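Below: one structure, written as structure tokens.
What follows draws every value from the coordinates through simple rules; no lab data is involved. Not measured: the values here are computed from a predicted model. Neighbour counts run over all protein chains shown; Cβ positions are idealised from the backbone, glycine included.
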Amino acid sequence: MSEGKKQMYFYLTIGYIGVLFLVLTGFRLIWLGDSTGHTLALLSLLFIAGFWRYIERELIPKTKERLIIKSIFISLLIILFLGGCYLLFK
């Protein structure tokens, strides 16, 4: 098996594990609401972020387009974070 295929299967596995952890986290937080659910949420987000970076690297070449997409995404995250802080501390 080639190195590229191994890398693809590794990141696909990581992505699916992240989604599975996200589903388990949702159930655990709904039923129990404990700290293990928060740990699972963190792990699932890390796995999904790793998968997302792999997909982004493979599908979008290193161009100005990638920079524009990333800057729009980060801007939206900042807006959501500030809006959440406003609602939380209002």
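Only a single criterion out of (1) part of a helix (DSSP H, G or I); (2) loosely packed, with under 10 Cβ neighbours inside 10 Å is not satisfied by MET1, namely (1).
Restricting region 33-90 to residues that are of a type in the set (Lys, Arg) and either within 15 Å of the chain's Cα centre (by Cα) or part of a helix (DSSP H, G or I) (or both), which is nearest to THR13 (Cα to Cα)?
ARG53
Just one of the listed residues (GLY37, GLY83) is more than 30 Å from GLN7 (Cβ to Cβ) and surrounded by fewer than 13 Cβ atoms within 10 Å (Cβ to Cβ), namely GLY83.
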